Amino acid sequence: MTAAITITEIPVDQLEANPWNPNKMSDETFAKLKAYVEREGLVEPLVVRAVKGRDKHQLLGGFHRWTIAKELGYDTVPCVVLRLSDRRAKILTINLNEMKGQAAPHLMADLVHDLSHDLSLDDLATQLPYDLADLRDLTDLLKIPDGLDLQLAEEASEAERDRMKVLSFPLSPDQMETVQGALDDAKEKIESPSRSAALTHVARTYRERGER
């Protein structure tokens, strides 16, 4: 059984970034995160590890929140302290950054709709990791009947399968005469032919004429 996790307050000047952190954040998102921390505080602990022979703890998750905490004048920040090798620390860093999941559009649209009863989309754009255009797109999803998006995708797929294909290749005058004769013959012998039946007949007629 995994031991219970303990959250420890650690002075901000006793933490340091790790040298391999792949997570980058845009200035706009950083500003929104900073505004959020100013409003709500650090509601999620940082993940750090103790490094043998060093006085400071190394950050594995929460670099941007640590940076913001320093800018806002925090003395300490809540941390989960782990003891990991370099290999396990690097794997954890990737997992903390990547294993977040993705929001289902319709469920997110419902959440945004609920919030919009109390806040305008402009206000929400300052508090959520979406711009105004994204929020409008999400609210527009609620205007689409349930299942219509899947129906449209299926119809588009069927249309692509049924779409006429155009083949282009050079023909000599004699070959062109043979092909035209095959087309004329297909028109006479097949009433309302399917594409596959017409193509099969043209190919057969072309071969027969070519063998004469």
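The values are calculated or read from the model by the stated rules, or taken from the named source; none is laboratory data. Treat the numbers as computed from the prediction; the structure is a model and nothing was measured. Here Cβ is always computed from backbone atoms with ideal geometry, including for glycine, and neighbour counts include all displayed protein chains.
Observations on the structure shown:
- For region 115-122, the criterion of being without any contact (Cβ under 8 Å) to a residue 12 or more places away in the chain, in contact with a helix residue (DSSP H, G or I) (Cβ under 9 Å, 6 or more places away or on another chain) and loosely packed, with under 12 Cβ neighbours inside 10 Å is satisfied by at least one residue.
- Among the conditions (1) of a type outside the set (D, E); (2) without any contact (Cβ under 8 Å) to a residue 24 or more places away in the chain; (3) farther than 25 Å from I91 by Cβ, the only one that Y36 does not satisfy is (2).
- Some residue of region 129-149 being free of Cβ contacts under 8 Å to residues at least 24 places away in the same chain and in contact with a Lys or Arg (Cβ under 9 Å, 6 or more places away or on another chain): no
- Any hit, region 51-61, residues being at pLDDT 95 or above, out of contact with any Gly (no Cβ under 9 Å at 6 or more places or on another chain) and acidic (D, E): no
Residues are listed down the side, and each one gets a yes or a no for (1) touching a Pro at 6+ places or on another chain (Cβ under 6 Å); (2) at pLDDT 90 or above; (3) part of a helix (DSSP H, G or I); (4) assigned by TED's automatic domain parsing to the domain that holds D27:
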{"site": "V80", "(1), (2), (3), (4)": "yes, yes, no, yes"}
{"site": "T93", "(1), (2), (3), (4)": "no, no, yes, yes"}
{"site": "P129", "(1), (2), (3), (4)": "no, no, no, no"}
{"site": "D140", "(1), (2), (3), (4)": "no, no, yes, no"}
{"site": "K143", "(1), (2), (3), (4)": "no, no, no, no"}
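- In summary, strands (runs of 3 or more DSSP E) completely within region 1-63 and bearing 2 or more residues that are more than 34 Å from the chain's Cα centre (by Cα) occur at 7-11.
- Candidates T76, T29, T93, T8 - the one that is polar (S, T, N, Q) and touching a helix residue (DSSP H, G or I) at 6+ places or on another chain (Cβ under 8 Å): T76
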